[in-house]
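Inspection log for the structure reproduced underneath, given as structure tokens.
Each reported figure results from applying straightforward, stated rules to the coordinates on display, with no laboratory input. This is a predicted model, so every value here is computed, not measured. As a convention, Cβ positions derive from the backbone with ideal geometry for all residues, glycine included, and neighbour counts pool all protein chains shown.
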Amino acid sequence: DAGVIQSPRHEVTEMGQEVTLRCKPISGHNSLFWYRQTMMRGLELLIYFNNNVPIDDSGMPEDRFSAKMPNASFSTLKIQPSEPRDSAVYFCASSFLSGSGYEQYFGPGTRLTVT
Amino acid sequence: SQQGEEDPQALSIQEGENATMNCSYKTSINNLQWYRQNSGRGLVHLILIRSNEREKHSGRLRVTLDTSKKSSSLLITASRAADTASYFCATDADQTGANNLFFGTGTRLTVIP
């Protein structure tokens, strides 16, 4: 398996523009997580899905952020409009929901820079 | 917040020495996990220890868990330069139906060759 795939790996955009980050989880996994990592705030959970259904989006900072998971193999995180403070590394992770623990597999991340 | 706290924030040792990192958390858990993050990469799962376990080994890694103190430690023995990375503990929510993890702030380990 190729692991969790994220695209793009790097994104540089101007303030006010729409940004869409993409994630393909590991085949067979049924939980998907979006995180944001910055030096100041560390690793923050933004939202997660179980079986394509959003379970907890309390970490989504503002209405400018939205996430979708139209099927088991694809998810997007959209920021509209983007702001400089959104600059961070965004990670997608997936896991298999079971009763034996929830080891998460992380993608390589998307480094977003908003100027 | 359920977020854990790692201690120390940064650790620098010579190759061959042992490295010990600690994690404290605030709420009851089902299990605790440790992850490693190399610079510019995603996190990689290292080891999981359940709340009814006190110690677990995996290769050069040794993890302990003290639920009465709400703390865990990760010991890396005979460290190598390749062990240079940030290490995070993560706890679950001990809540039915919730499978999200709460990550700590991380310990930055530097192993000097």
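Below, the figures for the structure above:
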{"item": "Set of lysines with alpha-carbon distance to A:Lys68 below 25 Å, sequence-local pairs under 8 removed", "result": "A:Lys24, A:Lys78"}
{"item": "Amide H partners (placed H, <5 Å) of A:Ser87, local residues excluded", "result": "A:Val114"}
{"item": "Cut-off 12 Å, label 7 Å out along Cα→Cβ of A:Thr115, residues of region A:7-22 by amide N", "result": "A:12-15"}
{"item": "Inter-label distance for A:Glu44 and B:Thr20, nm, one decimal - labels placed 7 Å from Cα along Cα-to-Cβ", "result": "3.5 nm"}
{"item": "In Å, descending, principal axis extents of the Cα set of chain A", "result": "42, 28, 28"}
{"item": "Candidates A:Gln37, A:Gln17, A:Gln104, ranked by Gaussian network fluctuation over chain A, Cα under 10 Å, top entry", "result": "A:Gln17"}
{"item": "Whole-Å distance, taken between Cα centres, linking region B:20-99 and region A:15-67", "result": "23 Å"}
{"item": "Candidates A:Phe33, A:Phe91, A:Phe65: whichever shows maximal mean-square fluctuation once chain A is modelled as a Gaussian network with Cα springs under 10 Å", "result": "A:Phe65"}
{"item": "Label-point separation, B:Asn38 to B:Thr67 (7 Å along Cα→Cβ), nm", "result": "3.5 nm"}
{"item": "Förster-model FRET efficiency, 25 Å R0, A:Leu97 and A:Phe74, C-beta, rounded to 0.05", "result": "0.90"}
{"item": "P(r), alpha carbons of chain B - 10 Å bins starting at zero, rounded %", "result": "15, 49, 29, 6, 0"}
{"item": "Nearby lysines by direct alpha-carbon distance to B:Lys70 (threshold 20 angstrom, same-chain neighbours under 8 apart not counted)", "result": "B:Lys26, B:Lys56"}
